[in-house]
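Visitor: Before we start, here is the structure in question, set down as structure tokens.
None of the figures in this text is laboratory data; all of them are computed from the coordinates on show. Given the structure is predicted, the values throughout are model-derived calculations rather than measurements. With ideal geometry, Cβ positions are generated from the backbone for all residues, glycine too; neighbour counts draw on all protein chains shown.
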Amino acid sequence: MHRALLALLLLAGCAQRETLAAAETSASVQPRWHAVLVAGDASLEVWDSAVERMASGLQRSGRLASLRRFSARPENLAARAEPAIRKPVLAAIAGLRPAPGEACLVFLTMHGAPGRGLAFAAEPGFLSPAQLDAALSQGCGQAPSFVIASGCFTGGFAVQPMARPNRVVLTAARADRSSFGCAPEFTLTVFDRCLLDSLERAPPTPAALAKASAECVAQEERRQNMTPPSEPQTAIGAAVGGLVPALSPR
């Protein structure tokens, strides 16, 4: 009886160790990324500069499966970017279709409005969290998905329906707060610079990335007397605690 119980406990311990090892291995493996990167406003260069830096980093990583770039600036349309219009962007996300070992990456950077979502400057109307959720559900299903909604008042993208077990969602601000850096004297918005700087340092987890980015944002806002603080928001799904895109070879 005691021997049988001991054997069962040993088997359970082995199984638990194997499960933990598998989870650690899964978290450390970099997927191949299907990326949609969107700079939604032509009034400043900050948004396109962020998309360019993200695209260059993904290309350097050697883990890029596909890339579609959208821009509102005419000069970028001549350089193979597509027009930043809401319906084509949503269609691109809905068509991602990652295979096993692949993941979705969506980076949206532009102005935002409270209670409305992200604003595409080329057309009236807004991209809402519900619309983005529907496109991601169609294009990515249960595949690991990493989403960045960079704009004022974007905290609504970090709660349901966008918050799901297979998604990491990072936003530039609370749902009732502005973000900063949308001005000609900036090369990137405050959040985009902090996020990209943190990504290039290869954080081990989404939680570490979110913490580093938020601390950087808070420090810069204090330095420049930007108030009230934007307080970037994050949602990290239980199934993707190790999902972080590489912006250099790993």
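Visitor: Could you give the length gained by full extension between residue 113 and residue 239, i.e. 0.36 nm per residue of separation minus their alpha carbon distance, to one decimal place?
Guide: The span from residue 113 to residue 239 would gain 42.3 nm if fully extended.
Visitor: Moving on. Starting with the fewest neighbours, write out 196, 108 ranked by other beta-carbon atoms found within 10 Å of each beta-carbon.
Guide: Ascending Cβ contact count within 10 Å gives the list 196, 108.
Visitor: Taking other Cβ within 10 Å of each residue's Cβ, how do 110, 162 sort, fewest first?
Guide: With the sparsest Cβ surroundings first, the list reads 162, 110.
Visitor: Still on this model: Gap in Å between the Cα centre of region 57-85 and the Cα centre of region 175-250?
Guide: Comparing the Cα centres of region 175-250 and region 57-85, I get a distance of 21 Å.
Visitor: How large is Rg over Rh for region 137-206, taking Rg from the Cα atoms and Rh as the Kirkwood inverse mean of 1/r across Cα pairs?
Guide: 1.01
Visitor: With viscosity set to 1.002 mPa s and temperature to 20 °C, compute the Stokes-Einstein D of the chain, Rh being the Kirkwood radius across alpha carbon pairs; µm²/s, no decimals.
Guide: The estimated diffusion coefficient comes to 115 µm²/s.
Visitor: Could I ask something else about it? Based on other C-beta atoms within 10 Å, arrange 47, 33 from fewest to most.
Guide: 33, 47
Visitor: Related question: Expected output is a single nm value to one decimal: the length gained when fully extending between residue 138 and residue 224, i.e. 0.36 nm times separation in residues minus the C-alpha distance. What is it?
Guide: Gain in length upon complete extension: 26.8 nm.
Visitor: Using θ = phi - 60° and the Karplus curve 6.51 cos²θ - 1.76 cosθ + 1.60, what whole-Hz ³J(HN,Hα) does each residue of region 136-146 get, with Gly and Pro shown as x?
Guide: Result, ordered by residue: 5, 4, 6, x, 10, x, 9, 5, x, 9, 10 Hz.
Visitor: Rounded to the nearest 500, what is the 222 nm mean residue ellipticity of the chain from helices alone, with -39500 (n - 2.57) per DSSP H run of 4+ residues and division by all residues?
Guide: Helix contribution divided over all residues of the chain: -12500 deg cm²/dmol.
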